[in-house]
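Okay, structure first, notes after.
The values are calculated or read from the model by the stated rules, or taken from the named source; none is laboratory data. In this text the structure is predicted, and so the values were computed from the model without any measurement. Every residue, glycine among them, receives a Cβ derived from its backbone with ideal geometry; neighbour counts consider all protein chains shown. The protein model used for the area step is the full one, side chains on, heavy atoms only, and it has no ligands, DNA or RNA in it. Shrake-Rupley method; radii C 1.70, N 1.55, O 1.52, S 1.80 Å.
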Amino acid sequence: MIRFPAIKKKRKQEKNDATKKCCSSALIRLTKDVNALQSSEICSIAFPDPDDLFNFQLKITPDEGFYKHAAHDFIFRVSPEYPYDPPKVRCMTDIYHPNIDTEGNVCLNILREDWNPILDLNAIVFGLLHLLLDPNPDDPLNEKAAEEFRSDQISFANNVSRVMDKVITAAALSED
């Protein structure tokens, strides 16, 4: 006689084991990537919940370009399927940028169609830094910023400075 509850329990256990294995391999890879980032001079990393490596904040402060000397905060949400699925990245700092929209969505090819499991968090950080140093108006999320970047870089630079001044002022007020 077949006992269906026993079969269901066995299948549920197998599914849980597969999930643990997947999360374990993702956790091992993520730990390696995070350790490499923690020694980076390009960015700083923070974990709101130290027990959750899959969700963290990254701060990038470029030293040249339109966005120099301003700290830009990004939130990373890493899937248990990492590195087969790319992390979800969102910019939490107000920014006037052709490749970052007003909601913080980031247009970076390696976070979408060009993702490959061989890539790591360091590649994403360099991609974000590259966007901050050299915006790409040909693949925009913010059409207005992209058009202004193409047609009038002085006006674009003024708008970038205006938004960064607001961010710096807000940060200074929050510290008081």
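Would you check which residues across segment 111-121 are surrounded by 15 or more Cβ atoms within 10 Å (Cβ to Cβ) and either in a loop (DSSP other than H, G, I, E, B) or out of contact with any Leu (no Cβ under 6 Å at 6 or more places or on another chain) (or both) and list them? Listed by number, the residues that qualify are Leu111, Trp115, Leu119, Asp120.
To keep it simple, each residue is scored yes or no on (1) in contact with a helix residue (DSSP H, G or I) (Cβ under 6 Å, 6 or more places away or on another chain); (2) under 27 Å from Tyr96 (Cβ atoms); (3) at pLDDT 90 or above.
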| residue | (1), (2), (3) |
| --- | --- |
| Cys23 | no, no, no |
| Leu30 | no, no, yes |
| Asn35 | no, no, yes |
| Glu41 | no, yes, no |
| Ser44 | no, yes, yes |
| Phe47 | no, no, yes |
| Asp52 | no, no, yes |
| Lys59 | no, yes, yes |
| Lys68 | no, yes, yes |
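When every residue of segment 127-137 is checked against the conditions, at least one turns out to be more than 30 Å from Thr31 (Cβ to Cβ) and surrounded by fewer than 14 Cβ atoms within 10 Å (Cβ to Cβ). Among the residues of segment 34-52, those that are over 10 Å from Asn122 (Cβ atoms) and in a loop (DSSP other than H, G, I, E, B) comprise Ser39, Glu41, Phe47, Pro48, Asp49, Pro50, Asp51, Asp52.
A single member of Pro80, Pro62 is part of a loop (DSSP other than H, G, I, E, B), closer than 27 Å to Asp165 by Cβ and touching a residue at least 60 places away in the same chain (Cβ under 8 Å), and it is Pro62. Residues of segment 55-70 that are open to solvent by 40 Å² or more (accessible area, probe 1.4 Å) and over 21 Å from Pro137 (Cβ atoms): Asn55, Gln57, Lys59, Thr61, Asp63, His69.
Checking each residue in segment 138-156 for being part of a helix (DSSP H, G or I), free of Cβ contacts under 8 Å to residues at least 60 places away in the same chain and surrounded by 15 or more Cβ atoms within 10 Å (Cβ to Cβ) picks out Ala145, Ala146, Glu148, Phe149.
Quick one: is Asp73 open to solvent by 30 Å² or more (accessible area, probe 1.4 Å) and part of a loop (DSSP other than H, G, I, E, B)? Taking the combined requirement at face value, the residue does not satisfy it. Which condition breaks for Asp101 when tested against (1) out of contact with any Cys (no Cβ under 9 Å at 6 or more places or on another chain); (2) farther than 21 Å from Thr61 by Cβ; (3) not aliphatic (A, V, I, L, M)? Status for Asp101: all satisfied but (1).
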